[in-house]
1. Label points 7 Å out from Cα along the Cβ direction at residue 201 and residue 40: separation in nm?
2. Can you return the lysines within cross-link range of residue 284? Criterion is Cα-Cα under 26 Å, with same-chain partners fewer than 8 residues away left out.
3. Would you list 169, 158 from fewest to most Cβ contacts within 10 Å?
4. Quick one: Karplus J couplings for the range 157-162, per residue in order, coefficients 6.51, -1.76, 1.60, θ = phi - 60°, nearest Hz, x for Gly and Pro?
5. For the range 25-147, what does the relative contact order come out to in percent, with C-alpha contacts under 8 Å and a separation of six or more?
6. Can you sort 226, 22 from fewest to most other Cβ atoms within 10 Å of each residue's own Cβ?
7. Roughly how many Å is it from the Cα centre of the range 180-220 to that of the range 66-131, as a whole number?
8. If the viscosity is 1.306 mPa s and the temperature 10 °C, what Stokes-Einstein diffusion coefficient in µm²/s follows for the range 43-87 when Rh is the Kirkwood radius over Cα pairs?
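Please treat every number below as a calculation from the coordinates, not as lab data. Just so it is clear, the structure is predicted and the values come from calculations on it, not from any experiment. Cβ atoms come from the backbone with ideal geometry, glycine included; neighbour counts cover every protein chain shown.
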Amino acid sequence: MKTRVLSIILFICSSTAVSAQWQLGIGGIGLGPVDRFDSSVYKPGAGFFMNLTTSSILPKSSPYELRFGLYLDHMSSGSKKFDVDLADPITEQGQTKFQNNSVGNHFITRFGYKASSKVTLFTDGIIGHRKFYSQTVTGVKGSSEEYEDDIQRIFTSRTFRYGVGVGARYNFGRSFGIEVRADYTRGNQASYFDLDEIKETATSIEYADQTWPHSDLFVYGIALNWNLFKIQSSGYSTPSTTEDNYTPSPTYRTNTRTTPTRTRTTTPSKPKKKVTPKKEIKKKEEKKDVPITW
């Protein structure tokens with residue numbers, strides 16, 4: 001799905017005019033699970049996003065805009081941390097973090113209306129893909145130059161998505177503005193950590209999971225926005241009117257200096273070692289119904 005979305009974007013971008021005016025937005029977003037997803041234990045989150053849209057295919061004199069573009073984001077949706085003792089190094093305090101994250105790649109069709117010279121209202125049609133992933137990160141508490149974090153991906157869910165968005169852009173000048181937006185997208189099944197049910201015992205840290213048939217999200221954000229201008233080539237080059245006809249004199253002597261080559265040796269960096277927690281990190285065993293004996 002990601003490859004198809006990128007292919008569509010490249011086709012649209014290549015078909016726009018050479019002097020096209022694109023728009024780029026970069027900012028922060030918040031996340032709110034909705035519908036059935038909201039009744040699960042998936043936490044609200046935050047992250048950042050970027051969108052890039054082509055110039056409007058409608059005439060410049062029109063108060064309306066029709067743009068196409070790409071909408072990308074990355075969000076973290078809650079985490080839970082535990083201090084752990086490490087088997088190596090023994091003298092250092094370790095930490096294990098359970099975290100839910102997601103990455104979105106979407107294609108958008110933007111319909112805009114220029115309410116004034118400074119304000120543009122818009123609505124987005126959204127279709128694309130979101131990957132939900134849950135991972136554990138175990139490492140030395142704080143930072144360490146000798147040991148690297150041990151990252152384990154536990155759950156990965158790839159979801160197809162579609163939805164709508166609304167927003168407004170306020171222009172401060174010809175090329176700079178602020179964009180405020182919100183969108184609602186529907187998605188299919190996703191699995192993730194149940195952060196409320198992760199427990200620590202004497203010998204292990206046990207995690208629980210949740211799987212829901214829908215992964216509907218409400219996302220809102222604010223971003224800085226720029227108008228981008230593509231430089232148009234003049235289409236011709238000025239040929240040189242002078243020719244270099246210089247011929248060195250036969251009596252000219254060329255001195256050649258030989259300089260010794262220096263070989264720089266670099267010391268390879270020492271690879272970092274991974275930490276090992278003393279407690280086992282494992283999935284929580286599901287409780288089985290005990291049959292009643294009459």
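1. 2.5
2. Reachable lysines: 43, 80, 81, 97, 131, 141, 199, 274.
3. 158, 169
4. Using θ = phi - 60°, the values come out as 10, 9, 10, 7, 9, 8 Hz.
5. Rounded, it is 21 percent for the range 25-147.
6. 226, 22
7. Each part's Cα centre sits 14 Å from the other's.
8. For these conditions, the coefficient is 108 µm²/s.
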